[in-house]
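Report on the structure given below.
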Amino acid sequence: MADAAAAPVGVFDSGVGGLSVLAEIQRLLPNESLLYVGDCGYIPYGEKSPAFIRQRCRMVAEFFREQGAKAMVLACNTATVAAVADLREQYPHWPIVGMEPAVKPAAAATRSGVVGVLATTGTLQSAKFVALLDRFANDIRVVTQPCPGLVECIEAGDLNSPVVREMLQGYVKPLLDAGCDTLILGCTHYPFLKPLLTQMIPASVAIIDTGAAVARQLQRLLGEGELLAAGPARDAQFWTSASPEHLRNILPMLWNKSDSVRSFPM
Ligand code: DGL
């Protein structure tokens, strides 16, 4: 299995949000070589149809397979609700890790019994999210908040301007007013706003996101398939469907410097 284990892992998001997950994967699995595709030319997925997102995800999955990836991580809640079932049907023997808002851990952690979810419109409107609430949120109150506009700010590298500050404040206030003591970041872009968010909420309010759990799930799946790499890892490689120059410019802020940014070929 030595060669199969040395193959890279493909990590995908609609844009740069998945870099928050990529960081957790690299922290937990430093021997893994990582490929990253940001579909930045088609952001935001949160306002797109599930059929469109499925089509993009299929293209990216095909691309990762051509690159010899041993597994794929959908580092995007919106893409997961729209496409993970379809991809798993398409590639039944290829490990695919998806992600969902952390309702289960939040339900266990809340003391006020009120939990807030910040996520995209697409995630919050999906049947998969409703099923998640049915399963884990029967004993708590969940207040949901779609956040149109935030993803575009983060894609532009804006993590702290008056515009993004005011927008975030407007989304968080109703959740705090409703008595939430736990906030779920249900979109992989939002962890980049954590420094700003912590300035807006009382210290007693907890923020939960799912990047670390996704990294652990990837570790588990690779372990089961005897696919954990022995290392050393090769440098991460990046592709974007928008301007490579733009991604190259904002990567140092969201990840670290990388010269390996290319155009996603479709
Ligand atoms: N990062 C994506 C997520 O986790 C969504 C961003 C978008 O709307 O494109 O849901």
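The numbers here are math on the coordinates, done by the rules we state, and not lab data. Nothing here was measured: the structure is a model prediction, and the numbers come from that model. Methodologically, a virtual Cβ is constructed for each residue, glycine included, from the backbone with ideal geometry; neighbour enumeration extends over all protein chains shown.
Observations
- Approximate shape of segment 82-221 as ellipsoid semi-axes (Cα gyration tensor, √5λ), whole Å, largest first: 26, 19, 14
- Rounded to the nearest 10 degrees, the inclination of helix 77-90 to the longest alpha-carbon principal axis of the chain is 40 degrees.
- Alpha-carbon spread of the chain, three principal axes, descending order, Å: 53, 38, 34
- Ranking of Tyr91, Tyr45 by count of other Cβ atoms within 10 Å, fewest first: Tyr91, Tyr45
- Selection of GluC sites (Glu not before Pro), segment 200-266, meeting DSSP coil and at most 10 other Cβ within 10 Å: Glu226
- Coordinate range along principal axes, alpha carbons of segment 51-150, Å, largest first: 49, 29, 20
- In segment 116-225, taking the dipole from charged Cβ atoms about the Cα centre, the farthest positive-side position among Pro202, Thr123, Phe136 is held by Phe136.
- Paramagnetic reach from Gln125 (point 7 Å along Cα→Cβ, amide N under 12 Å) across segment 49-83: 49-51
- A straight line joining the Cα centroids of segment 105-168 and segment 28-67 runs 21 Å.
- Filtered trypsin sites (Lys or Arg not before Pro), segment 172-266: DSSP coil and at most 12 other beta carbons within 10 Å: Lys257
- Rounded tilt (10° steps) of 162-177 against the dominant C-alpha axis of the chain: 60
- Summing charges over all other residues whose Cβ lies under 9 Å from the Cβ of Asp86, with Lys and Arg as +1 and Asp and Glu as -1, gives +2.
- Peptides 161-169, 189-197, 54-62 ranked from most to least packed give 189-197, 54-62, 161-169, packing being the mean of other C-beta atoms within 10 angstrom over each peptide's residues.
- Rounded to the nearest 10 degrees, the inclination of helix 19-28 to the longest alpha-carbon principal axis of the chain is 70 degrees.
- Nearest-20 debye value, the chain charge dipole, Cβ charges on Lys, Arg, Asp, Glu: 240
- Note: relative contact order over the chain, using C-alpha pairs below 8 Å and six or more positions apart, is 28 percent.
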